[in-house]
Amino acid sequence: MHLDYDKIKEVSIKGRYITPKDIDPFLITAAQDFLTQTEGASFEGRDIKSITLGSGKSKILMWSQMHGNESTTTKAVLDLINFLKKDSDLASSILRNCTLKIIPILNPDGAIAYTRVNANSVDLNRDAQERTQPESVVLRKVYEDFKPDYCFNLHDQRTIFNVGITSKPATVSFLAPAHDPERSISKTRGISMQIIVAMNQELQKHIPGQVGRYDDGFNSNCVGDTFQMLNVPTILFESGHFPEDYDRENTRKYIFIAMVKAIEVISSQKIDNYLQADYEDIPENNKLFYDIQIKNIQILNPKHKSGSCAGIMFVETLVGDSIKFKVKLEEIGDLLGKFGHKSYNCLYASDLNKLKEQIDLIKLLD
């Protein structure tokens, strides 16, 4: 599958802080080619909008920013819409064989506040059964009215995740959600697994070793588990870290590639070309990364015992209209088997000199 991504990417939308006002101009333009509509309102009364593309028999529902601070997949779905606007054989085939309904921002209040929860401090992905929040009601109504054949649940995951026991970051992770506590494999869950296998095979060409499998613990309050329980193949997408890419501009590309592959396989009715058993070969996510790892910190501060290491994480903080990454000391110890997206070893003069220039890091070790 060859895609000229640089000509597809929606360049007007970038970074981590994506709100309705950022995507509204895009949706207004897209309305010239596709159906856009307001599906309902958020807790604070903001519009929750959707866009519908294609006229085919296979119906795919996807939603992003259920958690307001998880915006990478929102960027990727805009790229997907751009791709479908272009005149290509694949785009035409998809629009002929599929109908896609996309909610780019399900939680507009959380998007503006840059929070996981909605404005009523509720995690919408734990509200699938009781549906106490207006956003949850909107999503369920869209689901019931649209009657999808497939669902894509689009999220971001933290930088802590690696693939298996390797030092590869989990740039993209997938999950075929469970539909029962025993995590048995129903027909629809099996289909989800097959589609994930197709996406993984494609992504291995681009980011080998950087695709993980998300934990499949069952929780009926999660939307993905609920829709799987309703016998609709559902796939969880998790956008993760790519080296030196905290704005996740590279990651959005790989999410886009994965979505196109999944939709292509559905459109061409080639799901059975992929083996369900290969899903289990995708390594599980593990939590072995820090944003920064500093080794032998006793050289910087003698109060720490010999061989001590520091694990430091970034805290995403909304300042004005941008996201700042503030440092937080997570752990001090031997940190065996752990990795850093950036690593320093105080035994090396070059690393030590670089650290001494970073006052915020030095203060954490006092």
Working carefully through the options I271, I323, find the one that is under 30 Å from F237 (Cβ atoms) and assigned by TED's automatic domain parsing to the domain that holds R116. I271
Restricting the search to the stretch 180-216, which residues are assigned to a loop (DSSP other than H, G, I, E, B), more than 29 Å from I292 (Cβ to Cβ) and out of contact with any strand residue (DSSP E or B) (no Cβ under 9 Å at 6 or more places or on another chain)? D180, P181, E182, R183, S184, I185, S186, K205
Given the condition touching an Asp or Glu at 6+ places or on another chain (Cβ under 9 Å) and among the aromatic types (F, W, Y), answer yes or no: does some residue in the stretch 15-34 qualify? yes
Residues to consider are N107, N162, N125; find the one that is touching a Cys at 6+ places or on another chain (Cβ under 8 Å) and assigned by TED's automatic domain parsing to the domain that holds S220. N125
Within the stretch 41-100, can you find the residues that are free of Cβ contacts under 8 Å to residues at least 12 places away in the same chain and under 26 Å from T251 (Cβ atoms)? S88, A91
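Residues are listed down the side, and each one gets a yes or a no for (1) part of a strand (DSSP E or B); (2) farther than 15 Å from L154 by Cβ; (3) at pLDDT 95 or above:
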site: H2; (1), (2), (3): no, yes, no
site: K9; (1), (2), (3): no, yes, yes
site: S12; (1), (2), (3): no, yes, yes
site: I18; (1), (2), (3): no, no, yes
site: L61; (1), (2), (3): yes, no, yes
site: H67; (1), (2), (3): no, no, yes
site: F83; (1), (2), (3): no, yes, yes
site: D87; (1), (2), (3): no, yes, no
site: T99; (1), (2), (3): yes, yes, yes
Considering residues of the stretch 235-255 that are outside any helix (DSSP H, G or I) and either in the same structural domain as F314 (by TED's automatic domain parsing) or out of contact with any helix residue (DSSP H, G or I) (no Cβ under 8 Å at 6 or more places or on another chain) (or both) only, the residue surrounded by the fewest Cβ atoms within 10 Å (Cβ to Cβ): E244
Condition (residue is part of a loop (DSSP other than H, G, I, E, B) and buried (at least 18 other Cβ atoms within 10 Å of the Cβ)) applied to the stretch 226-234: is it met by at least one residue? yes
How about the stretch 280-329: which of its residues are part of a loop (DSSP other than H, G, I, E, B) and among the β-branched types (V, I, T)? I282
Name every residue in the stretch 353-365 that is surrounded by fewer than 16 Cβ atoms within 10 Å (Cβ to Cβ) and under 13 Å from I294 (Cβ atoms), in order of residue number. K354, K356, Q358, D360, I362, K363
Residue pairs meeting the criteria (Cβ under 8 Å; at least 6 apart or on separate chains; first over 20 Å from H241 (Cα atoms), in the stretch 301-317; second basic (K, R) and in a strand (DSSP E or B)): C309/K295
Any idea how many residues of the stretch 1-29 are within 24 Å of N250 (Cβ to Cβ), surrounded by 13 or more Cβ atoms within 10 Å (Cβ to Cβ) and not β-branched (V, I, T)? 10
Of all residues in the stretch 30-51 being among the β-branched types (V, I, T) and crowded, with 16+ Cβ neighbours inside 10 Å, which is nearest to F314 (Cα to Cα)? I48
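The values are calculated or read from the model by the stated rules, or taken from the named source; none is laboratory data. All values derive from a computational prediction rather than experimental measurement. Virtual Cβ from ideal backbone geometry, glycine too; neighbours counted across all protein chains shown.
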